[in-house]
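Take a look at the structure below.
The values are calculated or read from the model by the stated rules, or taken from the named source; none is laboratory data. For clarity, every value in this text was computed on a predicted model and none was experimentally measured. We place every Cβ from the backbone using ideal geometry, glycine too, and count neighbours over all the protein chains shown.
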Amino acid sequence: MIKPNYSHKLLLLWLLIAGTAVTTHAQEFGGNPPSIKWNQVNTPEAKVIFPVGMDSAGRRVADIIHRMNGAVQPTIGFKQRQVSILLQNQNTISNAYVGLAPFRSEFYLTPEHNSFELGSLNWVDQLAIHEYRHVQQYNNFNVGLSHGLKVIFGEGGQALGNELAVPNWFFEGDAVYNETLVSSQGRGRIPYFFNGYRALWAAGKNYSYMKLRNGSYVDFIPDHYPLGYMLVSYGREKYGNQFWKNVTHDAAAYHSLFYPFQSAVKKNAGIDFTKFRTDALQSFKQKFSADRVEQTVDKKQHFIADQEYPAFVNDGVMVYMKSTYDHRPVFVMRKGDNESDIRVRDISIDNYFAAHGDKIVYAAYQIDPRWGYRTYSDLRLLDINTGQQQQLSRHTRYFAPDFSQNGRKIITVDVATSGKNTIHILNTTDGKVLEEVPNPDGIFYTYPKFYGDDQLVSAIRNKDGDMYLSLIDIKTGRVNHLLKTAISGFPTVKNDTIYFAASMGENDRLFALAIKTRKLYLLDNAEMKGSIGNYQPAVTDGKMAWVSFTAAGYQIHETDKSSVKWNDISATSISTLSDLGIHSVAKDSASDVLVKVKDEPLPVTKYNKAYHLFNFHSLIPSFDDPNYSISLEGQNVLNTFQSSLLFNYNRDEGYKEFGFGGVYGDLYPYLHGSVNYVVDRKGFYRGSDVYWNEAEARVGAQVPLVFTNGINITNLSFGTDVVYNTTSFQSAYRSMFADRTYTYLNNTISINNRISKAKQNIYPRFGQSLTLNYKYAMSGVTANQFLASGALYLPGIGINHNLVLTGAFQQKNRNSVISFSNNFPFSRGYTAENLYQLEKFGVNYHFPIAYPDAGFANTIYLTRLRGNLFFDYTHANDFYTNGTTFKAKFRTVGGEVYFDTSWFNQVPITFGIRYSHLLDDDLFGGYGRNRIELIVPLTLF
């Protein structure tokens, strides 16, 4: 096996430091409106911060963490550092994270509707038991070389050390094991969680470890969560509860500088890591040995498409959602073997929809233009025949809509920011709320359906995490439990029968429940028995359809209803979950500790928004050509104030910059300010370079806006800075120019509009960007500069090809030694100068070359190779010392090859090589007409 030498390793470490702290987690700067006030519960383990009115959720998180911390510490280590946890209630995303740089966590409080994804636990409980395990991991991985990197680079340094030493599958697999250990559920007991690997095994697809770790643009690869759980649980089962504590300590400390994690496994397991992971995966493969090999999926077959949520228009016509890697999700109609697109689906959180007659209803994702944490889930009504669509609701939080039997009403779940869960019944014509179903018991409804005019059927979850299939009275909200299940969902009602999916043993199956007699039936035929999971049933008088998972995507099955066997079955068979033979989850003293958590009356106090504003956490180098910098970065817990101390080198002009700046984002405009001192600024004046030093103070405001409209995303940003500048010319030029002080305005507007794109699309198939910048000196000197630059993204010949046209224009005032910073996109390959007038036009043609899905030495993995053919034309005007006009053109043709890679199976990096052939002389430097450049990483920031 080839290993990188030590000098290469150090170079890569330095390269990755910049990316680690800022790419791991997507945070919304200034994402909450200032009207939100915050309270906190403070314990030694966590400071839980939450909006006023969410006291019960804040206390519950603190209580769970306090109880869980002591119970599961021994398996990861006893180091403890208090973490700040923000409970975000304004968004509609079901998610959470823990991150370093800064050390904080966020819980997004809107629950996941699909219970097969995460189970039926109370959502706050689920987040606490999973995410706090990440806190314990970070607390105990601050050792050895990781600690040394933290000393030098701050929390971003530890994040780098941990990320390169401990694979992401361990972080998530260990957290999934923890949720399985301390509760009666957890994803380690949920069959749906393993469907991806079961599908690969059933299809005989034995991908390499590197491919499983790094993903693919052409094949389905499960994410690292199930891989992590299988390896972690196998290690706990075979080697005991201290195994991973010892492995991760040795790895994070870099007891072995090369391949620290693999070496730590070998030291503590007595076998090399390759054999360990092979044995672990084989043990789970045997657990699912009953899965038959899918004869319809060739071993060489790439991902085809996800086909989901079949709905019958009639016995001969079906509609469903189709998602591929090279096209955006689209509603499809199928008649026999003929498939036709209805409409591209608007940007949505999931693929769920319902159909009735010639109408489709679904929930689309909307973002508040200014406040990024405030998102919405609005209903769309789509006409199947015409593809026309109307918006039924605006600024709502609606989920899982469905039609009444006559199609005149729509039922949907409203999840309020307060945490209250209510069923709304709407008028199909205009979306007006007709009724609200009372919810006195605080249950969580999933996928409700009409049953007659007065009742509803829903798979519900209560506060204790129990799940039922229930009848709900529309007028009173009274709940009548029909059937207790472990995990269930996707109910559909036909006459007096409920068809639904539920977990039974090691698989998810389809069932039918007779409402009046409460008799339960397991639905079965050859296709169902051989499928990996059966979900989303659709039923007519004569037909039945459902979805199962394969290595080529979710696939729809359709059969005559008469071919389906109805087998009587006991209700107890679907009321519990299997541990899949991982007995260690029941042996530990922390097993099911969640049921022992008591809600304590912890004190709630006000959280001061100004607390710890200057929270410097990381020293981060940055490579953003032509600027190369190193900065000490700060960010407060609420993410409303960011600050930075920096040193920057500008390659275009060769200047060195020292500065401090900050931006406050808790108001509608961002307010920002900075002070900077620059050495060796350079300007081009009458044919010669002039050098000076300058000090600058800047204050300003910026308004960042994001608009989503169906399939379009538009970013609009505009703002103004007032800049005070003092210029001191270097001694060689003081006889020509006097030192001066001046004040100028820096006005900027930027707009970027694009349609959503599919996984394989390099760029959106249609988009535009435009940036305007005008700098104007108000006093002290006469100076101005205007820059306009933009791009137009168009489809190319192939589905993943793009034609990108670029243009730019810059002009500054004549006969002034003062020149503003040069951001003009000069023709590639040439040495750039800031001249009086510059015009540029460019043509780019981007295309994929290959999808190698190959790597070596567990160090670098190449997922895609892509190219770009380009032509640049820049025309320049300026003036010689004698006043005569200088004109020149700078034309380039060339090509770029980009490598989309993953390093150390963890960090995605794109870099490239550019060849430029200069058609004109490089008047300001360089030799020869042929230039080769390395394009520095583009995906670090």
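Some values worked out for this structure:
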quantity	calculated
Residues located in the stretch 344-380, provided they are basic (Lys, Arg) and farther than 15 Å from Asn709 by Cα	Lys359, Arg374
Residue count, the stretch 629-679 (criterion: crowded, with 17+ Cβ neighbours inside 10 Å, among the hydrophobic types (A, V, I, L, M, F, W, C) and touching a Pro at 6+ places or on another chain (Cβ under 8 Å))	1
Residue check for Tyr670: on the phi < 0 side of the Ramachandran plot and in contact (Cβ under 8 Å) with a residue 60 or more places away in the chain	yes
Qualifying residue in the stretch 557-571 (condition: at pLDDT 95 or above and under 29 Å from the mean Cα position of the chain (by Cα))	no
Qualifying residue in the stretch 680-698 (condition: aliphatic (A, V, I, L, M), under 34 Å from the mean Cα position of the chain (by Cα) and either surrounded by fewer than 19 Cβ atoms within 10 Å (Cβ to Cβ) or more than 30 Å from Ala364 (Cβ to Cβ) (or both))	no
Matching residues in the stretch 880-892 - criterion: being surrounded by fewer than 18 Cβ atoms within 10 Å (Cβ to Cβ) and either part of a loop (DSSP other than H, G, I, E, B) or in contact (Cβ under 8 Å) with a residue 12 or more places away in the chain (or both)	Tyr880, Thr881, Asn882, Gly883, Thr884, Phe886, Lys887, Ala888, Lys889, Arg891
Selection within the stretch 203-246 - out of contact with any helix residue (DSSP H, G or I) (no Cβ under 9 Å at 6 or more places or on another chain) and modelled with pLDDT under 95	Ala203, Gly204
Residue in the stretch 666-680 that is outside the structural domain of Ile347 (by TED's automatic domain parsing), assigned to a loop (DSSP other than H, G, I, E, B) and in contact with a Leu (Cβ under 8 Å, 6 or more places away or on another chain) present	yes
Number of positions in the stretch 55-85 that are part of a loop (DSSP other than H, G, I, E, B), surrounded by fewer than 21 Cβ atoms within 10 Å (Cβ to Cβ) and not small (Gly, Ala, Ser)	5
Residue tally, condition surrounded by 15 or more Cβ atoms within 10 Å (Cβ to Cβ) and in a strand (DSSP E or B), over the stretch 896-921	18
Members of the stretch 208-220 that are under 21 Å from Phe273 (Cα atoms) and either without any contact (Cβ under 8 Å) to a residue 40 or more places away in the chain or part of a loop (DSSP other than H, G, I, E, B) (or both)	Ser208, Leu212, Gly215
Residue list for the stretch 184-207, restricted to those being touching a residue at least 24 places away in the same chain (Cβ under 8 Å), among the hydroxyl-bearing types (Ser, Thr, Tyr) and surrounded by fewer than 23 Cβ atoms within 10 Å (Cβ to Cβ)	Ser184, Tyr197
Identity of the residue in the stretch 86-119, more than 23 Å from Asn246 (Cα to Cα) and among the β-branched types (Val, Ile, Thr), that ends up surrounded by the fewest Cβ atoms within 10 Å (Cβ to Cβ)	Ile93
Scope the stretch 99-117; condition under 16 Å from Phe29 (Cα atoms), without any contact (Cβ under 8 Å) to a residue 60 or more places away in the chain and not aromatic (Phe, Trp, Tyr); matching residues	Ser105
Per-region count, the stretch 773-808, residues part of a strand (DSSP E or B), touching a residue at least 24 places away in the same chain (Cβ under 8 Å) and either in contact with a His (Cβ under 9 Å, 6 or more places away or on another chain) or over 30 Å from Lys759 (Cα atoms) (or both)	15
Checklist (1) surrounded by 14 or more Cβ atoms within 10 Å (Cβ to Cβ); (2) of a type in the set (Lys, Arg); (3) within 15 Å of Tyr830 (Cβ to Cβ) applied to Arg866, failing item	(3)
Residue among Ile498, Ile487 that alone is in contact (Cβ under 8 Å) with a residue 60 or more places away in the chain and either surrounded by 15 or more Cβ atoms within 10 Å (Cβ to Cβ) or not aromatic (Phe, Trp, Tyr) (or both)	Ile487
Whichever residue in the stretch 728-782 is over 30 Å from Ser348 (Cβ atoms) and charged (D, E, K, R) and, among such residues, is modelled with the lowest pLDDT	Arg734
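Let's see how each residue does on (1) within 18 Å of Leu434 (Cβ to Cβ); (2) free of Cβ contacts under 8 Å to residues at least 60 places away in the same chain; (3) assigned to a strand (DSSP E or B):
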{"position": "Asp350", "(1), (2), (3)": "no, no, no"}
{"position": "Ala355", "(1), (2), (3)": "no, yes, yes"}
{"position": "Tyr362", "(1), (2), (3)": "no, yes, yes"}
{"position": "Gln366", "(1), (2), (3)": "no, no, yes"}
{"position": "Pro369", "(1), (2), (3)": "no, no, no"}
{"position": "Leu379", "(1), (2), (3)": "yes, yes, yes"}
{"position": "Leu382", "(1), (2), (3)": "no, yes, yes"}
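To keep it simple, each residue is scored yes or no on (1) under 30 Å from Phe403 (Cα atoms); (2) among the aromatic types (Phe, Trp, Tyr); (3) touching a Pro at 6+ places or on another chain (Cβ under 6 Å); (4) modelled with pLDDT of 95 or more.
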position: Asp272; (1), (2), (3), (4): no, no, no, yes
position: Lys275; (1), (2), (3), (4): no, no, no, yes
position: His302; (1), (2), (3), (4): no, no, no, no
position: Glu308; (1), (2), (3), (4): yes, no, no, yes
position: Asn314; (1), (2), (3), (4): yes, no, no, no
position: Asp337; (1), (2), (3), (4): yes, no, no, no
